Amino acid sequence: MTSISTCRPSQADEDVRILRRITPLSEWQAPAVAGRPHTKIAVIDTETTGLDPQYDELIEIAIAMIVIDDQGRIIAVHSSRSGMQQPCRPIEPEISRLTGITDEMVKGKRFVPQQIADHLAKADACLAFHANFDRRHLEELVPEVGAMPWICAMEDVDWRALGFDGRAQGYLLTQAGMFNPTAHRAGDDVASLVNLLAHVCEDGRTVMAHALEGAKAPSWRFEASDLPHRLQKDAYRRGYRRSYHGVFHKLVREAKHDAEIAWYHELVGRDPTIVPVDWIERYRADWTWEPVNRKVEVAHWRR
């Protein structure tokens, strides 16, 4: 595998940074210090006709099946697949400009959801750079992925703590000393993401190791189902967002758990409803989960 330079300039020339082309997945080789196979992960990227998974449609899916050792080093890329589908409505010009996909390219093409489900079932977990986007769209087509663990390379990695600036995939790739010269398509983004995951950070661990650790770490959904209207703007500024069910909620990580309870209690005068969220539940569409407070109310009504 092509050696990956760090995001820091060399001591020989502080004014120059060298970018190396990403390693094609078909040429992937295990690093010299690789351990035994430990976990198989499906690295996924999608292209869609828009942002709303209940209205917009998937038009391209790319999946690379990678194998990592117990230190998060990518030791193999077993397969790389992609497919396209013609949507029910013509692709908007702006979407074609962003994705590079035109109506002519997808004409007559269809996904086979069961084949996608069977392929993903071979993995121990799914990974996307922006899992909150890709999972919600993919779950509409392949409901089986809703039962799988998910890793988000954008949210499950503390990029700033690792010395990176920003969280855009292309920018992060550049800071890791790499570039992808090809157009913005799902397969290209998967190849870029695999290379980014393999990058060894200054602490000696790969980005993949950090992403897996972050995904497995505990988190909670704080629900404010009965938040007074006068306090909703305060909650919004704090990062709470209204769900499909009308409940203000926020995903809270372990490091901020106690501080968030204290802030909420000071604002509202009581604790929020706290729902444990693991890497299977995290990033799923909010219309697929039921607020705890609503369950409590129904149970009380039935009594």
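The values are calculated or read from the model by the stated rules, or taken from the named source; none is laboratory data. What you see is a predicted model; the values in this text were computed from it and never measured. Cβ placement follows ideal geometry from the backbone for every residue including glycine, while neighbour counts extend to all protein chains displayed.
Restricting attention to the stretch 46-81, the residues that are polar (S, T, N, Q), buried (at least 16 other Cβ atoms within 10 Å of the Cβ) and not in a loop (DSSP other than H, G, I, E, B) total 3.
One residue stands out in the stretch 157-178 among those that are in contact (Cβ under 8 Å) with a residue 60 or more places away in the chain and in contact with a helix residue (DSSP H, G or I) (Cβ under 7 Å, 6 or more places away or on another chain): the one that is farthest from Val207 (Cα to Cα), namely Met178. Within the stretch 158-217, restricting attention to residues that are closer than 18 Å to Thr99 by Cβ and polar (S, T, N, Q), which residue is surrounded by the most Cβ atoms within 10 Å (Cβ to Cβ)? The residue in question is Ser192. Among the residues of the stretch 47-87, those that are β-branched (Val, Ile, Thr), in contact with a helix residue (DSSP H, G or I) (Cβ under 8 Å, 6 or more places away or on another chain) and closer than 27 Å to Gln29 by Cβ comprise Ile61, Ile63, Ile66, Ile68, Ile74, Val77.
So, Ser225, is that one in contact with a Leu (Cβ under 6 Å, 6 or more places away or on another chain) and either of a type in the set (S, T, N, Q) or modelled with pLDDT under 95 (or both) or not? No; evaluated as a whole, the condition is false for this residue.
Being acidic (Asp, Glu) and assigned to a loop (DSSP other than H, G, I, E, B), is that true of even one residue in the stretch 95-118? Walk me through how you get there before you give the answer.
First, pick out the residues of the stretch 95-118 that are acidic (Asp, Glu): 103-104, 118.
Still in the running and assigned to a loop (DSSP other than H, G, I, E, B): none.
No: zero hits.
Considering the stretch 276-303, and only residues there that are among the aliphatic types (A, V, I, L, M) and at pLDDT 95 or above, the residue that is surrounded by the most Cβ atoms within 10 Å (Cβ to Cβ) turns out to be Val277.
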